[in-house]
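Dumping the structure here so I can ask a few things about it.
The values are calculated or read from the model by the stated rules, or taken from the named source; none is laboratory data. Just so you know, these numbers come straight off a predicted model, no measurement behind them. Counting neighbours? That spans all protein chains shown, and the Cβs are built from the backbone with ideal geometry, glycine included.
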Amino acid sequence: SFNWTVQPANPTLVTKGEDQSLTWKFTLTADEQTKSQILYLIHWKKFNPSSSGYDLIGSKTFLGVLGRPSYNEPRAPHIEISKNDPATLLINNVTTEDEGTYKIVYIVELDGTALADHEVNVTVLEHPEIVNASGNQDVCEGSMVALSCNAT
């Protein structure tokens, strides 16, 4: 049966401002492989807490008659699909809004029934930012000095 052979770490920790890839790899049975030569769909979705549902953030569609996949990337260039890997989502210049639950769905049936899916939680880390720090001070050796630093 369908098997995920590679999946992103869960949770995946990413740093704000950097680029991040979420890579999945999989194996198919002979029957699934045959079906995928006619049609396959890969959907990437992100959980939307305000609607309690998933928003489609990218999809890859392969129709055997066309011989090559087509891509739907509604959030490009921020979120793109790798053209070099079977199932890699690229998040460019990560922002705090990218934090959340991502889901990949693999489909080989004409009716859209999912063959497999997988979720990963993405946590965005931010470097601290110094908002206020003590200025230069002249002090005598051996005396007390008070320094302050505020960061967010």
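Determine, yes or no, whether S59 is in a strand (DSSP E or B), out of contact with any His (no Cβ under 7 Å at 6 or more places or on another chain) and of a type in the set (S, T, N, Q).
Working: in a strand (DSSP E or B): yes; out of contact with any His (no Cβ under 7 Å at 6 or more places or on another chain): no; of a type in the set (S, T, N, Q): yes.
In short, no.
Now for a different question. Are any residues in the range 80-115 without any contact (Cβ under 8 Å) to a residue 24 or more places away in the chain and touching a Phe, Trp or Tyr at 6+ places or on another chain (Cβ under 9 Å), and if so, which ones?
Step one: of the range 80-115, the residues without any contact (Cβ under 8 Å) to a residue 24 or more places away in the chain are 80, 83-84, 97, 111, 113-114.
Once the filter is applied, which keeps residues that are without any contact (Cβ under 8 Å) to a residue 24 or more places away in the chain and touching a Phe, Trp or Tyr at 6+ places or on another chain (Cβ under 9 Å), the range 80-115 yields E80, K83, A114.
Search the range 47-72 for residues being hydrophobic (A, V, I, L, M, F, W, C) and under 12 Å from the mean Cα position of the chain (by Cα), and hand back the single one that is farthest from K25 (Cα to Cα).
In the first step, residues of the range 47-72 are kept if they are hydrophobic (A, V, I, L, M, F, W, C); the result is 47, 56-57, 62-63, 65-66.
Right, trim to under 12 Å from the mean Cα position of the chain (by Cα) and you get 47, 57.
Working: F47: 21, I57: 19 Å.
Checked the range 47-72; the qualifying residue farthest from K25 (Cα to Cα) is F47.
Yes/no matrix, rows are residues, columns are (1) of a type outside the set (S, T, N, Q); (2) more than 13 Å from the chain's Cα centre (by Cα):
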residue	(1), (2)
P74	yes, yes
N92	no, no
T96	no, no
G100	yes, no
V105	yes, yes
V120	yes, no
S148	no, yes
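Same structure again: Can you tell me which residue is modelled with the highest pLDDT among those in the range 72-102 that are over 26 Å from P49 (Cα atoms) and either out of contact with any strand residue (DSSP E or B) (no Cβ under 9 Å at 6 or more places or on another chain) or not charged (D, E, K, R) (or both)?
Our first condition is that a residue be over 26 Å from P49 (Cα atoms); within the range 72-102, this holds for 82-86.
The next check asks that each one be either out of contact with any strand residue (DSSP E or B) (no Cβ under 9 Å at 6 or more places or on another chain) or not charged (D, E, K, R) (or both); those that pass are 82, 84, 86.
Working: S82: 97, N84: 94, P86: 93.
It comes out as S82.
Still on this structure, please answer the following. Need at least 1 residues that are closer than 30 Å to S36 by Cβ per element, so show me which strands (runs of 3 or more DSSP E) inside the range 76-152 make the cut, counting only ones lying wholly within it. Before you say what the answer is, go through the steps one by one.
Numbers: elements: 79-81, 88-91, 100-107, 114-125, 130-133, 149-151.
So the answer is 79-81, 88-91, 100-107, 114-125.
Also, quick follow-up: L22 - would you say it is buried (at least 17 other Cβ atoms within 10 Å of the Cβ) and either more than 16 Å from G112 (Cα to Cα) or in contact with a Gly (Cβ under 7 Å, 6 or more places away or on another chain) (or both)?
Working: buried (at least 17 other Cβ atoms within 10 Å of the Cβ): yes; either more than 16 Å from G112 (Cα to Cα) or in contact with a Gly (Cβ under 7 Å, 6 or more places away or on another chain) (or both): yes.
Taking the combined requirement at face value, the residue satisfies it.
Of the conditions (1) under 20 Å from P11 (Cβ atoms); (2) modelled with pLDDT of 95 or more; (3) touching a Gly at 6+ places or on another chain (Cβ under 9 Å), E126 clears all except one; give me its number.
Tallying (1) under 20 Å from P11 (Cβ atoms); (2) modelled with pLDDT of 95 or more; (3) touching a Gly at 6+ places or on another chain (Cβ under 9 Å), E126 fails exactly one: (2).
Would you check if V108 is under 19 Å from W24 (Cβ atoms), surrounded by 10 or more Cβ atoms within 10 Å (Cβ to Cβ) and modelled with pLDDT of 90 or more? Let's see the steps before the verdict.
Values: under 19 Å from W24 (Cβ atoms): yes; surrounded by 10 or more Cβ atoms within 10 Å (Cβ to Cβ): yes; modelled with pLDDT of 90 or more: yes.
So V108 fits the description; yes.
For the range 29-59, give me each residue that is crowded, with 17+ Cβ neighbours inside 10 Å and either among the small types (G, A, S) or more than 18 Å from F2 (Cα to Cα) (or both). Break it down stepwise before answering.
Let us first name the residues in the range 29-59 that are crowded, with 17+ Cβ neighbours inside 10 Å, namely 32, 35-36, 40-46, 54, 57-59.
Answer for the range 29-59, where residues must be crowded, with 17+ Cβ neighbours inside 10 Å and either among the small types (G, A, S) or more than 18 Å from F2 (Cα to Cα) (or both): S36, K45, K46, Y54, I57, G58, S59.
Just checking, does the range 22-33 include any residue being in a strand (DSSP E or B) and among the β-branched types (V, I, T)? Show your work before the answer.
Initial filter on the range 22-33 (in a strand (DSSP E or B)): 22-23, 25-27.
If we keep only those that are among the β-branched types (V, I, T) too, we end up with 23, 27.
Among the residues of the range 22-33, at least one is in a strand (DSSP E or B) and among the β-branched types (V, I, T), which makes the answer yes.
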